[in-house]
Amino acid sequence: MSARYEHPGEQAAADPIRLLAIRDTPLSLDEVHSAVQDSAAGGTALFVGTVRNHDGGADVDALGYSSHPSAEAELRRVAEKVVAEYPVRALAAVHRVGDLEVGDKAVIVAVSCPHRAEAFAACRKLIDDLKHEVPIWKHQRFSDGTEEWVGAC
């Protein structure tokens, strides 16, 4: 297992993973941003994924997300990998499940690090790995009456 990366002379935060959740209620930017505030962080990167009105050239009317019971444990595993690879001071990730409408927030991730480049890289790794490794599936319903399931992993 890898050790958490630290800069020389820097003390590690007690637990840099501050917020992880899979919820069936609307997501809050303020909650996620507040969770990653840290006085030793000079950079905070935040990503918000929203439901768009199209995919693959087809109009999307609505969609729903569902997750496997292991999804929160897998989300923690992904977060721990990011913390081990980057000098993360604070990390948060929340994903929505259930029925969503166009414009709704589907996922919010944020990472605070000592510097902006590290924060951007860690945030990118967090969202990319979440989308590829956490068992959350998207069920899209298109305007033409067709449907599609898209797996996150």
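Only the coordinates and a few stated rules stand behind these numbers; no lab work does. Predicted model, so just to flag it, every value in this text is computed and none were measured. Methodologically, a virtual Cβ is constructed for each residue, glycine included, from the backbone with ideal geometry; neighbour enumeration extends over all protein chains shown.
Residue-by-condition table, conditions (1) buried (at least 17 other Cβ atoms within 10 Å of the Cβ); (2) touching a residue at least 60 places away in the same chain (Cβ under 8 Å); (3) not aliphatic (A, V, I, L, M):
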position: L75; (1), (2), (3): yes, no, no
position: L91; (1), (2), (3): yes, yes, no
position: V94; (1), (2), (3): yes, yes, no
position: V97; (1), (2), (3): yes, yes, no
position: G103; (1), (2), (3): no, no, yes
position: A119; (1), (2), (3): yes, yes, no
position: D144; (1), (2), (3): no, yes, yes
Candidate set from the range 23-61 (those that are among the hydrophobic types (A, V, I, L, M, F, W, C) and in a loop (DSSP other than H, G, I, E, B)); member that is farthest from R89 (Cα to Cα): V51
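Rundown of residues vs (1) polar (S, T, N, Q); (2) in contact with a Ser or Thr (Cβ under 8 Å, 6 or more places away or on another chain); (3) touching a residue at least 60 places away in the same chain (Cβ under 8 Å), yes/no style:
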position	(1), (2), (3)
I22	no, yes, yes
L29	no, no, yes
H33	no, yes, yes
V36	no, yes, yes
A41	no, yes, yes
V48	no, no, yes
V51	no, no, no
V60	no, yes, yes
If A93 satisfies every condition in (1) among the aliphatic types (A, V, I, L, M); (2) in contact with a Leu (Cβ under 7 Å, 6 or more places away or on another chain); (3) assigned to a helix (DSSP H, G or I) but one, which is the exception? (3)
